[in-house]
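Right, one structure below, let's go through it.
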Amino acid sequence: MQLEQILQYSFSGLSTGAIYALIGIGFSIIFNATGIINFAQGEFVMLGGMLTLFFLELLQLPLWAAVPCAVAVSALAGMLFERLAIRPLRQPTPINLVIITIAGSILIRGLAMLLWGKDTHAIPPFSGDEPISIAGATILPQHIWILAITVLIIAVNKFFFYHTISGKAMRACSYNRRAASLVGIDVRRMVLLSFIISSVLGSLAGIIVAPLTMTAYDVGIMLGLKGFCAAIIGGMSSGIATVVGGLILGVLESLGAGLISSGYKDAIAFIILLLILFIRPQGLFGKAESERV
């Protein structure tokens, strides 16, 4: 196997892993703020791509205007999901919450199918599609956009959680919700904010990956599951651990598809997830529950 081929697979895996990382951070933010595994997260990824297509084709907006509009509508959808599906529950059990998020996922996917049909749609790349040669391998400009936007989002995410009042309040809720409420933090507002941020991250992931993979009403299913795998690998951390988990998953998946068979591409992610759950249930970078106490 030539070094150029391995490098090619690695480049592809890094960009794919960056998408998984963004989706995984969305899972982690909601989990840390509420204890909920939001299985509707993948549908916000789908909404990002489909809403961008809507603003591009039907409203004839330029790409630079369609993207923020799509993100804003996705954020509104995340807010409505929390208000209508999560907040009305009184003393819900974990299984109730899982069922609610799965039902929400099915509902959003069904509405998207009714609105946009079952066809696969393409979004134009951000800056052309002329391949760039690096050390014998090639990379598309959209891959660079994916990596650059991911790095920017990670930096903004870190600044928000460590240097703003709302971010610090969300971190306090993740450590101890009752103690946070006792010191005057509005926990319900933080939960709502976590859903909004998570939906924004998911929609951005769906937008930047759509020029490469195209988009359809059901693309969020597999992307959401792989983002969940990245979050598990990272120990459900909303920081760099989940980013590393997503990159590891993307690179291993790409190498496995290239060196073994593309038919095993999706299976590789779930094999990795099962191994992590069997060997280190707290994730590669997480601490065991007994160590936190």
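The values are calculated or read from the model by the stated rules, or taken from the named source; none is laboratory data. Computed from a predicted structure; not experimentally measured. Counting neighbours? That spans all protein chains shown, and the Cβs are built from the backbone with ideal geometry, glycine included. In case anyone asks, the SASA skips ligands and DNA or RNA and just uses the protein heavy atoms, side chains included. Shrake-Rupley method; radii C 1.70, N 1.55, O 1.52, S 1.80 Å.
Rounded to two decimals, the Cα-based Rg/Rh of the range 142-293, with Kirkwood Rh, is 1.00.
Helices meeting the span-like rule in the chain (full DSSP H runs, Cα extent of at least 18 Å along the helix axis, mean Kyte-Doolittle score of 1.0 or higher): 3-34, 41-57, 63-81, 94-116, 141-163, 187-213, 220-233, 240-259, 265-279.
For residue 226, the aspartates and glutamates whose Cα falls under 15 Å of its own Cα, not counting residues fewer than eight places away in the same chain, are 43, 218, 253, 266.
Report the extension gain between residue 189 and residue 270 in nm, rounded to one decimal, defined as 0.36 nm multiplied by the number of residues separating them, less their alpha carbon distance. Extending this stretch completely gives an extra 25.7 nm.
Look at [x] 24.6; [y] 19.5; [z] 24.1: the one that is Kirkwood radius over Cα pairs in Å derived from this structure is [y].
The accessible surface of the chain, taken with every protein chain in place and a 1.4 Å probe, is 68 percent carbon and sulfur.
FRET efficiency for the residue 64 to residue 102 pair, using the beta carbon distance and R₀ = 41 Å, is estimated at 0.70. Taking 8 Å as the Cα distance limit and 6 or more residues as the minimum spacing, I'd like the relative contact order of the chain as a percentage. 38 percent. Between residue 165 and residue 284, the simple label model (points 7 Å from Cα in the Cβ direction) yields a spacing of 3.9 nm. Taking every protein chain into account, the accessible area of the chain amounts to 49 square angstrom per residue (probe 1.4 Å).
Take every Cα pair under 8 Å in the range 179-293 that's 6+ residues apart, average their separations, divide by the length, and report that relative contact order as a whole percent.
Once normalised by length, the contact order is 21 percent.
Inter-label distance, residue 221 to residue 95: 2.5 nm, where each label sits 7 Å from its Cα along the C-beta direction.
Straight-line cross-link partners of residue 168 among the aspartates and glutamates, defined as a Cα under 18 Å from its Cα and at least 8 positions apart when in the same chain: 186.
Rank 245, 235, 167 by mean-square fluctuation in a GNM of the chain with C-alpha springs under 10 angstrom and give only the top-ranked residue. Sorting by GNM fluctuation, first place goes to 167.
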